[in-house]
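First comes the structure, then the notes that go with it.
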Amino acid sequence: MAKNTHQPPTGTRDVYPLDAARRRFITESWRRASVLHGFEEVDGPTFEHLDLYTVKSGEGIISELFSFTRTGGEKTYALRPEFTPTLARLFAAKAGSLPKPTKWFTLGAFFRAERPQRGRLREFLQWNVDMLGDDSPAADAEVIATCVSLLSSLGLTPADVRVKVNHRYALQQWLVQRGLEVDKHADLFKILDQRGKLPEADFAAALAPFGFNTEQAEIFTKGVVRLTVDDPAHKGPGPSPEVVDLTFFAQAVTPLAQQFTQMGIIDWVDFDLSVVRGLAYYTGMVFEVHEASGAERAIAGGGRYDNLVELFGGPKTPAVGFGMGDVVLALVLQDRGLMPTDAELLDRAGFAPDVFVISNGQPESDEMVRPLCAALRRVGLHARHTYKATKNVGKLLKDAADSGAKFVAIIENAQLATLKDLRSGQQDPAPTPISLVPEMIRQRLGM
């Protein structure tokens, strides 16, 4: 056999049937959580005009994008690295006719031209959830509750993952009170955003130019608490002294904590002063979802961006949202044994047949395999048959079981077939007229 010299591009994935079933499991979980919380699905093109991204992030972002000019063309495009600019463009185009608030979600392929590594690829699936037109803490909490709902539905618990919340505006106000000029905030935020990648000593040293000594730097590494509000039904720990002393922070996040408590998700939340998110357009609450052990990259991240729609030509519109990629989420589920088994995945995706049709090896039985499959499919059943030349019924029964089929129909002759339930192992004592097989299978499947 000739060696295959054609490999997929670096940072991309070849998707075989089981891989597709895993992705479908994740995307259908995303869709279910979105609809459950009242979000409607939207989408946009997988490539946009390059300036859609540079108007928000500047020319520096070009190195992170897959950008191109069509041969013979003049306009420069880029594969979408995120959905928020497209979302802002979509909203701005029809803002006057859209409900307030507008609740949208999307899921699809996104692209980033960066070095691939564990948890980060150049092509990936991403789920985006956004709520526009509501500037209340309740809207922030509703978006985060949607994210938590997804995590919980997949079997994750507050012991597995933490939702780390901060408030950028409040943090900026505090920095100003400490005497740090506004024009230095962006550089400080870059350091905070790299906290997980730096040894603790290096992180503390990087904060020194901004007026934090080693002891003071601990506010960003040890100022993580589970803030609670007065709620007789809640028995969690109260705020730590570090946060109580930070009046600016407590005032900003207490309304959020109240909403988290009302929605029953406060136990998932840590208030973390070091979470700032790298993108400059965030204006208030920001959050990231991390595995509790810190072994993986962020599972999700987002926050409030109240100025972005206006930047794209729409009316001033408060907005909050997040994105979640499939790569890290799949790693976390697999590492914790929460990804369904291969057989379960195939069944969930509809790849496991309802009926596998085989012949007993006689010529007249062979002739009935395809007609019976056609009859089964006409009534909405997933039917398969073998393409092998073997007449060995035992081997064919094994193939049927390996496919995940629920039933097997063994054609005995031109008129009769024996039904066997592969889930229970029970086989009918007498053959059934072939014409009745489709309806019998439907009844046994409760259809």
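Counting other beta carbons within 10 Å of each Cβ, put Trp127, Trp174, Trp104 in order, fewest first.
On the way: Trp127 26, Trp174 18, Trp104 22.
Ascending Cβ contact count within 10 Å gives the list Trp174, Trp104, Trp127.
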**OP:** In nm, give the distance between the simple-model label positions of Ala93 and Thr390, each being 7 Å from the Cα along the Cα-to-Cβ direction.
**Re:** 5.5 nm
Original post:
If R0 is 25 Å, what FRET efficiency do you get for Leu18 and Leu338 from their C-beta distance, rounded to 0.05?
Top reply: 0.90
Original post:
Which label belongs to the value computed from this structure, given these candidates for Rg and Dmax of the Cα atoms in Å: (i) 22.4, 69; (ii) 27.7, 91; (iii) 23.8, 75?
Top reply: (ii)
**OP:** Report the residue, chosen from Phe189, Phe287, Phe105, that carries the largest GNM mean-square fluctuation when the chain is represented by alpha-carbon nodes joined by springs under 10 Å.
**Re:** Phe189
Subject >> Of Pro431, Val269, Phe68, farthest towards positive along the dipole that unit charges on Lys, Arg, Asp, Glu beta carbons give the chain >> reply: Pro431
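From the Cα gyration tensor of the range 4-130, with a ≥ b ≥ c the square roots of its eigenvalues, which class applies: rounded if a/c is under 1.5, or else prolate if a/b is larger than b/c, or else oblate? Could the numbers behind the result be given before it?
Details: a/c = 2.23, a/b = 1.11, b/c = 2.02.
The shape class here is oblate.
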Subject >> Net charge dipole size for the range 309-374 [Lys, Arg +1 and Asp, Glu -1 on Cβ; Debye, nearest 20] >> reply: 460 debye
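Work out the length of the dipole vector of the chain about its Cα centre, built from +1 on the beta-carbon of each Lys and Arg and -1 on the beta-carbon of each Asp and Glu, and round it to the nearest 20 debye. Present the calculation step by step, with values, prior to reporting the outcome.
Values: 50 positive and 55 negative charges, 260 e Å.
With Lys and Arg at +1 and Asp and Glu at -1, about 1240 debye.
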Original post:
Just how far, in whole angstrom, is the range 39-110 from the range 159-199 if you go by their alpha carbon centroids?
Top reply: 27 Å
Original post:
Shape call for the range 352-444 from the C-alpha gyration tensor, a ≥ b ≥ c root eigenvalues: rounded (a/c under 1.5), prolate (a/b greater than b/c) or oblate?
Top reply: rounded
Subject >> Within a Gaussian network of the chain (alpha carbon springs, distance under 10 Å), most fluctuating of Val332, Val357, Val379 >> reply: Val379
Subject >> Most mobile listed residue (Leu381, Leu18, Leu132) in the chain, GNM with C-alpha springs under 10 Å >> reply: Leu381
Subject >> Exceeding the 22 Å Cα-Cα cut-off - candidates Lys94/Lys316; Lys164/Lys197; Lys164/Lys190; Lys100/Lys164; Lys395/Lys420; Lys103/Lys316 >> reply: Lys100/Lys164
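Only the coordinates and a few stated rules stand behind these numbers; no lab work does. Fair warning: this is a prediction, and the values are worked out from it, not measured in the lab. Here Cβ is always computed from backbone atoms with ideal geometry, including for glycine, and neighbour counts include all displayed protein chains.
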